[in-house]
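Peer 1: Here you go, one structure.
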Amino acid sequence: MYDECIDVVISPVHGMDVLSKAEVSRLLDTSKSGLYTTFRNCALAVLNSGATIDDSKQLFEQYASFDIRIVQVERGIKLHLIAAPPRSFVDGKIIRGIKEHLYAVLRDIIYVFDQIKDNRNVDLNTSEGISNAVFHILRNADVLQAGIEPNLVVCWGGHAIGRGEYEYCKEVGYELGLRKFDVCTGCGPGAMKAPMKGANVAHAKQRVKKGIYLGITEPGIIAAESPNPIVNHLVIMPDIEKRLEAFVRCAHAIIVFPGGVGTAEEILYLLGILLHPDNEQIPFPLIFTGPESSREYFEEINKFISLTLGATAQVRYQIIIDDPIAVAKEVKKGIAEVKEFRIKHGDAFYFNWLLKIKQDLQIPFIANHENMRSLELYQGMETHTLAANLRRAFSGIVAGNVKIESMKLIEEQGLFEIHGDEQILNAMNKLLCAFVTQKRMKLSAESYKPCYKIIR
């Protein structure tokens, strides 16, 4: 379908056209402390936009000779792409959206290193400091806009979904777009692409000229979920936890479509926040939805939440099956309540400062054998704490499925082990088995091999 890989030098569309010598040096530094590997991998993922694989190892092996260099010229910088995937080009010229995303990668990697990780004024050891870092990354990426009515709907769901589910997600996006809502997703394929596509058509019908299709990702997962073509605003957060917080702080409502273990992780993360006593009175529209064919999927999710977190957690969401219009109307109703609450309490429309997010949901979870084995999953724990630990367990499985570092660990040391209370483990095992049976773990579901084992 495509010809050979392409070598090309490209100029910035706007912004990031000037870098210091120190910044260039770090971007080209191949040592452990340097930024080259992160920069190269994220750039390759962006250049692979539209691909139908979710195996980062396969992607990196396929384009092992790919390289990206910084070219300093008298009027700024250019990017030299070597052996780049040909799908990113038309008649030898790079696609405009992909070009913009490349410079978004450059922007976020530089900013995070210089202004977040290497800044003594940013305290990443406190909950407030981490939330402040998330705010500054989003502000630098021009995501936070004052003076705009609440209208951002975050959509979560799997990249490995069937055609019927994809079309349903698109219909929901269409109904959201008709009501002039913007859409934010994890930027990948499947349930992340479909609502954006539907909203894009509806925005065109409503003559919405500056519709936002915001994609939020992070370096460890972007290769497995390369940005879909609809994304017109890409943000690279430094890790999964800050990515999740960015979703929640920016969202005025969240819709959960059918997915797999990654979607379960996102649900548990949000429930871990909403179940905290300090957040009890904060309105946060949360809807699980899909076509009739996904009813069983949501029933399994609902049963799992009931068995592990109880009825208190079930109150924080509603399930709507096979009714895109009802979903959009409930979102509209919920966002009106959010607007009223924020006005009453003096909270910003563009960033949910009042929401309490505990540090155990903010600290990056490293998916390795020791950390997975040490997770506390027991009855009698505070509900929001148990939700946070369950989130970590699912996060580890996501990493074992798609993240190259975790995949290598499993190849070397065997499967991740998950220990805990028998009732919780039984519920977890049943849910995970359902994901496998329903082919929701990976795009290559036929060949899926579990990266974990449950120890009772």
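Just so you know, all these numbers are worked out from the coordinates, no wet-lab data involved. Remember, it's a predicted structure, so these values are computed and weren't measured experimentally. Please note: Cβ atoms are built from the backbone with ideal geometry, for glycine as well, and neighbour counts cover all protein chains shown.
Peer 1: Using the beta-carbon distance between residue 204 and residue 292 and R0 = 30 Å, what value does 1/(1 + (r/R0)^6) give for FRET efficiency, to the nearest 0.05?
Peer 2: Working: r = 29 Å, r/R0 = 0.95.
Taking R0 as 30 Å, the efficiency between residue 204 and residue 292 is 0.55.
Peer 1: Moving on to the next point. Just tell me which lysines come within less than 20 Å, Cα to Cα, of residue 403; anything on the same chain fewer than 8 places away is out.
Peer 2: Residue 403 reaches 32, 57, 242, 439, 442, 449, 453.
Peer 1: Still on this structure, please answer the following. Multiply the residue separation of residue 306 and residue 18 by 0.36 nm, subtract the distance between their alpha-carbon atoms, and state the gained length in nm to one decimal.
Peer 2: 98.4 nm
Peer 1: Here is a further query. Please work out whether segment 6-121 counts as rounded, prolate or oblate from its C-alpha gyration tensor, where a ≥ b ≥ c are the square roots of the eigenvalues and a/c under 1.5 means rounded, while otherwise a/b larger than b/c means prolate and anything else oblate?
Peer 2: Numbers: a/c = 1.82, a/b = 1.31, b/c = 1.39.
Verdict is oblate for segment 6-121.
Peer 1: Which entries in 170/210; 93/180; 333/430; 180/358; 78/197; 193/430 show an alpha-carbon gap greater than 25 Å? Could you put the intermediate results ahead of the total?
Peer 2: Values: 170/210 19 Å; 93/180 33 Å; 333/430 35 Å; 180/358 33 Å; 78/197 31 Å; 193/430 28 Å.
The answer is 93/180; 333/430; 180/358; 78/197; 193/430.
Peer 1: Given contacts defined as C-alpha pairs under 8 Å and at least six residues apart, what's the relative contact order of segment 123-456, whole-number percent?
Peer 2: Answer for segment 123-456 is 19 percent.
Peer 1: Further question: So what is the 222 nm mean residue ellipticity for the chain from helices alone, if each DSSP H run of at least 4 adds -39500 (n - 2.57) and you divide by all residues, rounding to the nearest 500 deg cm²/dmol?
Peer 2: Rounded to the nearest 500, the figure is -14000 deg cm²/dmol.
Peer 1: Shape verdict for the chain, please, from the Cα gyration tensor: rounded (a/c under 1.5), prolate (a/b greater than b/c) or oblate.
Peer 2: rounded
Peer 1: Let me ask something else about it. What's the extension gain from residue 341 to residue 114 if we count 0.36 nm per residue and subtract their Cα-Cα distance?
Peer 2: The residue 341-residue 114 span can extend by a further 78.1 nm.
Peer 1: Which of the GluC sites (Glu not before Pro) found in segment 347-432 are loop residues per DSSP with 16 or fewer other Cβ atoms within 10 Å of their Cβ? Walk me through the numbers on the way to the answer.
Peer 2: On the way: sites: 370, 376, 382, 405, 411, 412, 417, 422; in loops: 376, 382.
When the GluC sites (Glu not before Pro) of segment 347-432 are filtered for loop state and at most 16 Cβ neighbours within 10 Å, 376, 382 remain.
Peer 1: Could you tell me whether segment 145-261 comes out rounded, prolate or oblate from its Cα gyration tensor? Rule is a ≥ b ≥ c as square roots of the eigenvalues, rounded for a/c under 1.5, then prolate if a/b exceeds b/c, otherwise oblate.
Peer 2: Taking the square roots of the gyration eigenvalues as a ≥ b ≥ c, segment 145-261 is oblate.
Peer 1: By a straight-distance test (C-alpha under 12 Å), which aspartates and glutamates pair with residue 356 as possible cross-link partners, with residues fewer than eight away in the same chain excluded?
Peer 2: 128, 245, 278, 280
Peer 1: Another question about this same structure. Which of the peptides 270-278, 430-438, 159-167 is most tightly packed, and how do the rest follow, judged by the mean count of other Cβ atoms within 10 Å per residue? Display every interim value, and only then the final one.
Peer 2: Numbers: 270-278: 21.0, 430-438: 17.3, 159-167: 19.3.
Ranking, from highest mean packing down: 270-278, 159-167, 430-438.
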